[in-house]
Amino acid sequence: MTSTPKRGLKPDRAPTRQPGETLRVTLPGKAYQRGNRWWWCVKLPGEEKARSRPLKAQEAKVAVSDRKEAEAVALEIWEQAVREQAAKQTKAQSTQTIARLKAQFLDKVRQYTEIIESAKAKAQAEARTRAQAELKLKQINEQRTLRTGSCECCGAAGLPVMELRRIDSGQLLCPRCLEALRADASRIFSPALAECSTPW
Ligand SMILES: [Zn+2]
């Protein structure tokens, strides 16, 4: 391949310049004639490497033989390749954009999940601490309930400390002795005084 880029379609003889023809599009690649048909060796936009192709209209079976027609066909092929390439790039870009947005979204979801998870873990830790504290309190109450003592009046032993009452004299009394003491007190004092007196 000896093609040089930016080389125009070269006719066998110098093109005759038409009146009013002021703009000529120079296409890359190399145009050449095979027999009397025009061919074009070019690397179109989006193609990996240059290859030869007949310069023919889409429906035509053979390449054109007219040089002007060949130029027009080449331009059309080039434009088509540019359009396809642009469409591909746009599609690739939107795919990239979608992928980026998706990644961002998933990242946000992950962040929220982490926040929720840490809040959940915190709540669980708090619940555990609370449960432990409640258990400890329950154990203390149970121990207090289970603690036993003796009545310092009748001498009954193994009575729950919770049920024993300390009276003014400093003695620790069981409920039965306490009841008896109260009954005695109400007999000793007059009914009027008993009514006024504060309970033991
Ligand atoms: Zn007693």
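What to note about this one:
- Taking the average, over residues, of other Cβ atoms within 10 Å as the packing measure, peptides 56-69, 125-138 rank 56-69, 125-138 from highest down.
- Order by protection proxy (mean Cβ within 10 Å, highest first), peptides 145-158, 88-101: 145-158, 88-101
- Region 148-196 shape via C-alpha gyration tensor axes, a/c threshold 1.5: prolate
Since every read-out is calculated from the coordinates, none of them should be taken as a lab result. As the structure is a computational prediction, the values presented were derived from the model and not from experiment. Note that each Cβ is placed from the backbone with ideal geometry, even for glycine, and that neighbours are counted across all protein chains shown.
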